[in-house]
Every structure is written in structure tokens, then in C-alpha cells.
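Read-outs: derived from the displayed coordinates by stated rules, not from any lab. Computed from a prediction, not measured in an experiment: that's the story for all the values here. Neighbour counts run over all protein chains shown; Cβ positions are idealised from the backbone, glycine included.
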Amino acid sequence: MPEEIIIAGFGGQGVMSLGQLIAYAGMLDGKGVTWLPSYGPEQRGGTANCAVVVSNEAVGSPLVTWPSTAIVLNNPSFDKFEPRVRPGGLLIVNTTLVTKTSERKDIKIIEISASDIANDLGNSRVANMILLGAFLEHTKIVSTDSVIESLKKVFSKDKHHLIEVNKQALTKGASLLGVAIT
């Protein structure tokens, strides 16, 4: 069954990059993938989300209405996508910026103060990668090695110096998983 993912937050939080990383990694792993971005009125500061589908077979449509996973980085994204996660699905929440708590009992919830942890790593912009590390550890939908290789495609050459801190963030997110699931 395909993994249908919504990633949502404010523009500038790396929402689109996260989706691209998952899609590129899926291609490197030989899977069928789609990536569909959706922007609010502004790129930076406005709401943004993307849909990613990863499957062992060809993907018929890039549209995701009822995701198996939602990764939310802010309150408006939580409000919009938490109710849409299908029963049995996964909700991953950046609790540094999301002040709400899901009351759902039919989904798994991973809560991580990703922005605070990113600041501790010395780069506030890797909060998305911390959440991705937890997602990968939980689902194993694509390999971490493929995500790391994909960083070279998603980041322009002048940003390649950031690959190491992104790798650290992935590792940190994966290590938090055992204590973060409710």
C-alpha cells in the first residue's frame, strides 16, 4: 500500500524541500513517487504544504486527501491536516510551534520539539530534518542513505556545506523516536 504523506507549515520552514527529499530518496530506492507542492499567497511566511506518495508500484495520482502520514510544523497546518489523517495513520508534530494536542485515539502521534532541538544543534532551519528522521525511523519508507544522497540534489551547490548539520538532524530525529510516540 502506498505511503501518502502531507507535509505542512509556513513558507521558509523547509516543507517543500522535505517533500522533495522523500521523493528523490524514493526514486533512488527504486520506488514509484509523486511530489505535489501547494503554496499559500506568500512563499516565505505564508502557509505551504506538499503531498508525497511513495509506493512499491507506479503511483496513479499525486493527490492526497486522506494522508497516511501528516507532518505538521505549525498551528494552521495542525488544524487543517490533523483531522484528515486516516485511521491507523501517523501524525508527526513540531511541538515547539504547535500549541495544540490531538485527542485522536485512532492514529499514532509523534510529538517532538523539533525547533528547540534544531536550535540546540546550532541551526534553527533543520527542524524539518529532525521530524524527517523520526518519520524514517518509524516507517522505513525510504532509506536514510538515499535521503542523504538526495540532499545533494535538493540543495544548490552553495548550500552543500549544510549537508552535515542536516545529517546530524536526521540522526537526532531518529534517536528521539522511542520516547516520542503516544
Considering only 174, 123, 68, whose Cα is most displaced toward the positive end of the charge dipole of the chain, charges sitting on Cβ of Lys, Arg (+1) and Asp, Glu (-1)? 123
If 27, 1, 16 are placed from fewest to most neighbouring beta carbons inside 10 Å, the sequence is 1, 27, 16
Measure off 7 Å from each Cα along the Cα-to-Cβ vector at residue 163 and residue 95, then give the distance between these two points in nanometres to one decimal. 3.4 nm
Tell me, which longest segment in the chain has none of the GluC sites (Glu not before Pro) that fall in DSSP loops with at most 13 further Cβ atoms within 10 Å? 104-182
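Only four residue types carry charge here, +1 at the Cβ of Lys and Arg and -1 at the Cβ of Asp and Glu. Report the dipole size of the chain about the Cα centre in Debye, rounded to the nearest 20.
The dipole magnitude comes to about 140 debye.
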Sequence ranges 91-101, 67-77, ranked by mean other-Cβ count within 10 angstrom, highest first: 67-77, 91-101
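Evaluate the chain: find the radius of gyration of its Cα atoms, find its Kirkwood radius, and give the ratio Rg to Rh.
For the chain, the value is 0.93.
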Quick one: 3J(HN,Hα) in Hz for the range 50-62, Karplus 6.51/-1.76/1.60 with θ = phi - 60°, rounded, Gly and Pro as x. 9, 10, 10, 10, 10, 9, 6, 10, 4, 9, x, 8, x
Can you tell me which lysines have their Cα less than 28 Å from the Cα of residue 153? Leave out same-chain residues fewer than eight positions away. 31, 140, 167, 172
For the pair residue 61 and residue 116, what calculated FRET efficiency results from E = 1/(1 + (r/R0)^6), where r is the Cβ-Cβ distance and R0 = 45 Å, to the nearest 0.05? 0.75
How much length would be gained if the chain were fully extended between residue 36 and residue 175, taking 0.36 nm per residue of separation minus their Cα-Cα distance, in nm to one decimal? 47.1 nm
